[in-house]
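Quick notes on the structure that follows.
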Ligand code: UDX
Ligand code: ADP
């Protein structure tokens, strides 16, 4: 079959994989290829056991794989043969040198740009899909178009707003698609070409066109605003616990104001995920670089509040359990940074478990999808940690259960059975406010929700 367009995506991760699978599904006349330097990951994409878990992803991949959706490690060939190249490689926070701990590490991005330059024999549209600091596209444009008379490269920014766990849903029915391009004839033509891809299933009035820098900045700011809402309600939760106000009631009451809105106001043990912290710190770094320390400090506080919330959670566990958890078994229910994903990047459970281990607790972790990643994060043979797929077994002999992820599986467990096998007094610390606290109290638990008065028997 001859295809109308050929798309290549460099980086077959959480963003590139699902996004390209949906493009292939919705655009049967477009050939979509994903490449990755990680051969194991590519092999997994070509197998029955995909490298990431997302509801609905299996069906979309299996429906299109081998027809117009391909996974390979042949990056150079893919570059040469494509018209549009999405770059979706990782952009972690720098761990060394200038900007360490804050700025984005762009080495993978720059290597990719140079590889595109080397392998290209015709004009290309290069699309930034990874979240990048503002004005990265400009740097990319300079690297790519440094060859004078060679092929022309048009750099676009097209940040992805999908959330993990709902990636396929978000891709199929996005609030908006954002694409930024240069304000030149070739820039606008490239925007038209990318817009046409999305228009196969997204109404055109939901496709926003901006200049490249607005698009790059909008992605960082969207994540900063979302994380800020979580930190704001979590700050309020601390006050609720002191005053016997109920954070859910407060959130409900303020969320009914249409200017505030009801979404993203769930108080929790803290936000995690690969994006929020990284993007905010990136924003903080950019503000400092531009001589705006007050603006930088303002946004940095969102991350500090998130760390405070996690530390406060562990602190409360220790103080309520008679000021010591040493030698006590703690069943940690959930390790993923949110439900419906196996992803544990920046999960609050990591910080909470490390803290508990420092206090010499015996931590037993259970999670329906994230045990493999949990082992990777905390170590397979780390003293004091065990991994147990069955929550009932995890809770056997435990002094406390700590809910870290809002998996629906945890809501329907038989907590009487759990209580019966636990050490007494039995404690539950519900870091996601998902359980029926009155019922647990009646079963004999001492219950500690987030942002609500504790229910205790002593
Ligand atoms: C986020 C953005 O939502 C998405 O648009 C962007 O593309 C990537 O970053 P993601 O990290 O997948 O997506 O998950 P999200 O649903 O936003 O949750 C992030 C964290 O905030 C999770 O740990 C979640 O549990 C927490 N959260 C979210 C709360 O604690 N309370 C809330 O009300 C909402
Ligand atoms: P994201 O959540 O942004 O998708 P991931 O870490 O899940 O991030 O995915 C990024 C992918 O990019 C990884 O699978 C990584 O192996 C891949 N990658 C990084 N550098 C390159 C490169 N130069 N060429 C191809 N793939 C790359």
Self-check item: When residues of region 117-145 are limited to those that are surrounded by 18 or more Cβ atoms within 10 Å (Cβ to Cβ) and away from ligand 2 (no atom under 16 Å from the Cβ), the one modelled with the lowest pLDDT
Solution: 134
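Results for (1) more than 16 Å from ligand 1 (Cβ to nearest atom); (2) assigned by TED's automatic domain parsing to the domain that holds residue 120; (3) under 22 Å from residue 165 (Cα atoms); (4) within 20 Å of the chain's Cα centre (by Cα), shown as yes or no for each residue.
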{"residue": "15", "(1), (2), (3), (4)": "no, yes, yes, yes"}
{"residue": "18", "(1), (2), (3), (4)": "no, yes, yes, yes"}
{"residue": "22", "(1), (2), (3), (4)": "no, yes, yes, yes"}
{"residue": "25", "(1), (2), (3), (4)": "yes, yes, yes, no"}
{"residue": "35", "(1), (2), (3), (4)": "yes, yes, no, no"}
{"residue": "43", "(1), (2), (3), (4)": "yes, yes, no, no"}
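Restricting attention to region 203-231, which residues are away from ligand 1 (no atom under 16 Å from the Cβ) and in contact (Cβ under 8 Å) with a residue 12 or more places away in the chain?
207, 209, 210, 211, 212, 213, 214
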Quiz prompt | Matching option when the condition is more than 16 Å from ligand 1 (Cβ to nearest atom), out of contact with any helix residue (DSSP H, G or I) (no Cβ under 6 Å at 6 or more places or on another chain) and at pLDDT 95 or above, among 62, 94, 4 | solution = 62
Self-check item: Scan of region 74-113 for residues that are over 30 Å from residue 276 (Cβ atoms) and surrounded by fewer than 17 Cβ atoms within 10 Å (Cβ to Cβ), ordered by number
Solution: 74, 76, 77, 80, 81
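Rundown of residues vs (1) more than 16 Å from ligand 2 (Cβ to nearest atom); (2) out of contact with any strand residue (DSSP E or B) (no Cβ under 8 Å at 6 or more places or on another chain); (3) on the phi < 0 side of the Ramachandran plot, yes/no style:
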{"position": "301", "(1), (2), (3)": "yes, yes, yes"}
{"position": "304", "(1), (2), (3)": "yes, yes, yes"}
{"position": "317", "(1), (2), (3)": "yes, no, yes"}
{"position": "323", "(1), (2), (3)": "yes, yes, no"}
{"position": "327", "(1), (2), (3)": "yes, no, no"}
{"position": "330", "(1), (2), (3)": "yes, no, yes"}
{"position": "358", "(1), (2), (3)": "yes, yes, yes"}
{"position": "382", "(1), (2), (3)": "yes, yes, yes"}
Quiz prompt | Exclusive hit being under 20 Å from the mean Cα position of the chain (by Cα) and either more than 23 Å from residue 274 (Cα to Cα) or outside any loop (DSSP other than H, G, I, E, B) (or both), set 326, 374 | solution = 374
Quiz item: Right, residue 31: at pLDDT 95 or above and farther than 17 Å from residue 84 by Cβ or not?
Solution: no
Quiz prompt | Single unsatisfied condition, residue 54 versus (1) within 30 Å of residue 286 (Cβ to Cβ); (2) modelled with pLDDT of 85 or more; (3) within 16 Å of ligand 1 (Cβ to nearest atom) | solution = (1)
Quiz prompt | Unique match (being at positive phi, crowded, with 16+ Cβ neighbours inside 10 Å and out of contact with any helix residue (DSSP H, G or I) (no Cβ under 7 Å at 6 or more places or on another chain)) among 187, 165, 148 | solution = 165
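Kindly check whether there is at least one residue in region 333-340 that is in the same structural domain as residue 222 (by TED's automatic domain parsing), within 29 Å of residue 454 (Cα to Cα) and not in a loop (DSSP other than H, G, I, E, B).
Restricting attention to region 333-340, the residues satisfying the condition of being in the same structural domain as residue 222 (by TED's automatic domain parsing) are 333-340.
Imposing the further condition that a residue be within 29 Å of residue 454 (Cα to Cα) reduces the set to 333-340.
Next, from what is left, pick out any that are not in a loop (DSSP other than H, G, I, E, B): 333.
Scanning region 333-340, I find at least one residue that is in the same structural domain as residue 222 (by TED's automatic domain parsing), within 29 Å of residue 454 (Cα to Cα) and not in a loop (DSSP other than H, G, I, E, B), so the answer is yes.
Among the residues of region 246-268, is any out of contact with any helix residue (DSSP H, G or I) (no Cβ under 8 Å at 6 or more places or on another chain) and within 16 Å of residue 431 (Cα to Cα)? Walk me through it before giving the result.
Residues of region 246-268 that are out of contact with any helix residue (DSSP H, G or I) (no Cβ under 8 Å at 6 or more places or on another chain), as a first pass: 248-249, 252-259.
Those still in the list that are within 16 Å of residue 431 (Cα to Cα) too: 248.
Within region 246-268, one or more residues are out of contact with any helix residue (DSSP H, G or I) (no Cβ under 8 Å at 6 or more places or on another chain) and within 16 Å of residue 431 (Cα to Cα).
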Quiz prompt | Cross-chain or 6+ apart pairs with Cβ under 8 Å, region 137-150 first and assigned by TED's automatic domain parsing to the domain that holds residue 179 and in contact (Cβ under 8 Å) with a residue 60 or more places away in the chain, then assigned to a helix (DSSP H, G or I) and surrounded by 18 or more Cβ atoms within 10 Å (Cβ to Cβ) | solution = 137/212; 137/216; 138/212
Exercise. Could you name every one of the helices (runs of 4 or more DSSP H) located completely within region 25-89 that has at least 1 residues being more than 11 Å from ligand 2 (Cβ to nearest atom) and under 25 Å from residue 345 (Cα atoms)?
Key: 39-45, 57-64
Quiz item: Quick one: in region 234-253, which of the residues that are free of Cβ contacts under 8 Å to residues at least 60 places away in the same chain and under 26 Å from the mean Cα position of the chain (by Cα) is nearest to residue 131 (Cα to Cα)?
Solution: 251
Practice problem: Name the single residue, out of those in region 393-412 being over 27 Å from the mean Cα position of the chain (by Cα) and in a loop (DSSP other than H, G, I, E, B), that is surrounded by the fewest Cβ atoms within 10 Å (Cβ to Cβ). | Solution: 397
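For residue 265, are the conditions met, namely being surrounded by 14 or more Cβ atoms within 10 Å (Cβ to Cβ) and in a loop (DSSP other than H, G, I, E, B)? Full working, then the answer.
On the way: surrounded by 14 or more Cβ atoms within 10 Å (Cβ to Cβ): yes; in a loop (DSSP other than H, G, I, E, B): yes.
For residue 265, the condition - surrounded by 14 or more Cβ atoms within 10 Å (Cβ to Cβ) and in a loop (DSSP other than H, G, I, E, B) - is met.
The values are calculated or read from the model by the stated rules, or taken from the named source; none is laboratory data. What you see is a predicted model, and the numbers here were worked out from it, not measured in a lab. Because the Cβ atoms are built from the backbone with ideal geometry, glycine has one as well, and the counts that use them run over all protein chains shown.
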